[in-house]
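Report on one structure; see the data block that follows.
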Amino acid sequence: MNIAVMGFGVVGSGVVELFEKNHEMITEKSMQDAFDLKYILDIRDFPDSPYADKMVKDFNIILNDASVGIVVETMGGLHPAYEFVSALLNAGKSVVSSNKELVAEKGLELLEIAKEKNVNFLFEASVGGGIPIIRPISQCLAANEIAEVAGILNGTTNFILTKMIDEQMDFDTALRLAQQLGYAEKDPTADVDGIDASRKICILASLCFGKHVYPNVVRTEGIRKISLRDVAYAADSGNVIKLLGVARKAGADKLVIFVSPCLVGRHSQLAGANDVFNAILVRGDAIGDVVFYGRGAGKFPTASAVVADVIDCGKHVNKRKFLGWSDSAPDYVIDSTAIPGKFYVRGTGSADAFSALADVKRLSAPDAPANEAACICAAASEKALLADLSAAGFSAELVMPVTDY
Ligand code: HSE
């Protein structure tokens, strides 16, 4: 059997290098007699690449070559990745993708085509880069009813928050450093505004709870509003601030899902995931809490997950792996601002505004202005909390869920 790789960027070139470096072992594990890389599709020229003889620019060469049974999609973006992947699946080829946008937006449809054509569509690398998470959820934890999945799903924002927490670097300086180190893009919107994490929590929620969740229904808050004083207030309460994607079952056929900076207990396993590392907690009825930790991005960590999927496709020719979910009703995702919880609130006004609330803890931070207050409190919902505080003359500027992980 032959394979092809579409997109020779950071991840795609990592896939090619890893596949060629460990070729003998990979072939043996794929249970194929021959398992060879035949094409690399990219619109750019790579005349000096050792793989120049495999480069093609025309997608149809791959689509129409019956000897190609598995195609890797590491192009990123929705178009033309979606058109290419659906054409390949329809042509009876298995596809492996690292593309979180593609899986979050089109996963349901692509998995249905794969099922109809009796091929596989695998995407281990789309969440958590090199961290095994898709296969552990769909296979190793398959006996569990999952109640909740929560994770640090974006390395760039975790790096920025770590610099703010450990070195008191302000947000703008930490972002510039992340850009200099090549973690953050020149336009850092997808990372710092939580869009990347939102795509990843959609994939995890779809997988854990069996119904597709689209990114446009996920309440998404990034880390731009976090100040060094929030970091200090959080420390005063024994917590650190982490950007989390959270998906939680909320009764029969309902789901709470959001991306938000959250307070996480300083000794929790999620708090220990720093710098560009990712960590994902899965809460099952038999396993309890289990945490997956590692490199959520990067050339070879991501290639590690992609090539493992390629091997799995090689082992499952004309056999489907159980992986999929169904469509969701329009009211499947409920309003996350309407559920009870514990919240961190920072704003302007007197802390007396919190006196009617339960479990109130006033927080302090060095250099806090006299008219600023920050508290942790329990409330019937975020919406109700903000209404009560506003009625008491307090202007809330930042609200974050306080977690129990
Ligand atoms: N920009 C992403 C991150 C890359 O920082 O985690 C991996 O999806």
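The values are calculated or read from the model by the stated rules, or taken from the named source; none is laboratory data. Treat the numbers as computed from the prediction; the structure is a model and nothing was measured. Virtual Cβ from ideal backbone geometry, glycine too; neighbours counted across all protein chains shown.
Summary of computed values
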| item | result |
| --- | --- |
| Test for ASP230: is it in contact (Cβ under 8 Å) with a residue 24 or more places away in the chain, in a helix (DSSP H, G or I), assigned by TED's automatic domain parsing to the domain that holds ASP36 and of a type in the set (D, E, K, R) | no |
| Candidate set from region 280-318 (those that are assigned to a strand (DSSP E or B) and aromatic (Phe, Trp, Tyr)); member that is nearest to ALA250 (Cα to Cα) | PHE292 |
| Residue that is farthest from ALA329 (Cα to Cα) [pool: residues in region 259-293 that are touching a Gly at 6+ places or on another chain (Cβ under 8 Å), away from the ligand (no atom under 16 Å from the Cβ) and touching a residue at least 40 places away in the same chain (Cβ under 8 Å)] | GLY265 |
| Answer from LYS321, LYS383, LYS361 - the residue that is of a type in the set (Lys, Arg) and part of a strand (DSSP E or B) | LYS361 |
| Residue identified as in a helix (DSSP H, G or I), over 22 Å from LEU110 (Cα atoms) and within 12 Å of the ligand (Cβ to nearest atom) among ASP172, ASP191, ASP187 | ASP191 |
| Flag for ALA147 being in a helix (DSSP H, G or I), of a type outside the set (Ser, Thr, Tyr) and touching a residue at least 60 places away in the same chain (Cβ under 8 Å) | no |
